[in-house]
Amino acid sequence: MPRKIPEVIFFHTSNQHKLNEASQAMSNLHIKIRSLKDISSRISVIEPQGESCAHVAHSKITQVLDLIEDKLNGNWLMVEDSGLFVNALGGFPGVYSSYVHTTIGVKGIVKLLEGNGDKSAQYISSISFWDGKRIQSVEGYCKGRISLELKGDAGFGYDPIFIPEAGNGQTFSEMTLMEKTALSHRTMALKRMVEKLNFPSM
Ligand code: IMP
């Protein structure tokens, strides 16, 4: 039996790009994605280090629920953790993607890959969501390769050097929000969430 579709899912994130992507992906189902900041302005959680994206997302949603479950008024909540996993670097930067982006940056990743024949990589997005009753977890993937040349201005993070396998050779940063959302790991994870709950498909 398909479940009743929620009108709103609150997304605990400080990343406007992630919010825009999730909103775009869920618009087909007329589900509004809203920032959790709309109902609770300051929520501080501890991000566990060195584990999988799934572990981080689960830990964060547990902490957020402990703090604000009463304010959700039965609405849904989601938390996402993601990263870029470069095969020739043994999956680096992976769960350290955010930190590495602010330290060596995309140019640092390019340097590490110069002269290496294998440029394959994938983004992973892990979403933990609360449906008013329990926490569930899903994961989405986007396979691609690293471009040694930074291209495009859109998106965030590693998008200027990530060329998705299912695309037309452009980096994510060269794509519109709609084009990136059609292929992104985040959308794939949201699709799993929708399937898991037996909604009409996206
Ligand atoms: P977190 O999930 O907020 O811990 O951050 C994940 C990090 O991975 C981001 O800061 C980005 O550097 C990178 N990342 C995750 N998803 C994307 C994406 O869709 N585009 C570009 N970079 C991403």
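Readers should treat all values here as calculations from the given coordinates under stated rules, not as data from a laboratory. Computed from a predicted model, the values in this text were never measured in an experiment. Counting neighbours? That spans all protein chains shown, and the Cβs are built from the backbone with ideal geometry, glycine included.
Worth pointing out:
- A cut-off under 15 angstrom between Cβ atoms defines the neighbours of residue 69, and their net charge, with Lys, Arg +1 and Asp, Glu -1, is +1.
- Taking amide H positions as modeled 1.01 Å from N, with prolines and chain starts lacking one, the residues under 5 Å from residue 85 and 5 or more places away or on another chain are 94, 122, 123, 124.
- Region 1-63: Rg to Rh, with Rh as the Kirkwood radius over Cα pairs: 1.01
- Extension gain for residue 107 to residue 177 (0.36 nm times residue separation, less C-alpha to C-alpha distance): 22.9 nm.
- For region 44-202: relative contact order, % (alpha-carbon pairs under 8 angstrom, 6 or more apart): 19
- Rounded to the nearest whole Hz, the Karplus-based 3J(HN,Hα) values (6.51 cos²θ - 1.76 cosθ + 1.60, θ = phi - 60°) of region 107-123 follow the sequence 5, x, 5, 4, 4, 5, 9, 4, x, 9, x, 8, 10, 5, 7, 8, 8, with x at glycine and proline.
- For GluC sites (Glu not before Pro), the sites in region 1-82 that DSSP calls loop and that have at most 16 other Cβ atoms within 10 Å are 7, 51.
- HN-Hα J in Hz across region 47-52 - Karplus 6.51, -1.76, 1.60, θ = phi - 60°, x for Gly and Pro: 8, x, 9, x, 10, 7
- Residue order, fewest to most surrounding Cβ atoms within 10 angstrom, among 30, 101, 58: 30, 101, 58
- Value of Rg to Rh for region 24-129 (Rh from inverse mean 1/r over Cα pairs, i.e. Kirkwood): 1.06
- Calculated mean residue ellipticity at 222 nm for the chain: -9000 deg cm²/dmol, from DSSP H runs with n ≥ 4 weighted as -39500 (n - 2.57), summed, divided by the residue count and rounded to 500.
- Here the Karplus curve 6.51 cos²θ - 1.76 cosθ + 1.60, taken at θ = phi - 60°, turns the phi angles of region 131-142 into couplings of 9, x, 10, 8, 8, 10, 10, 9, 9, x, 10, 9 Hz, with x standing for Gly and Pro.
- Each Lys or Arg adds one and each Asp or Glu subtracts one; over the other residues with Cβ under 14 Å from the Cβ of residue 44, this totals +1.
- Between helix 185-196 and the chain: long-axis angle, C-alpha atoms, 0 to 90°, nearest 10: 30
- Residues with amide H under 5 Å from that of residue 45, placed H, sequence gap 5 or more: none
- Region 69-162: mean projected area of Cα convex hull, nm²: 7.4
- Convex hull per residue volume in Å³, alpha carbons only, for the chain: 116
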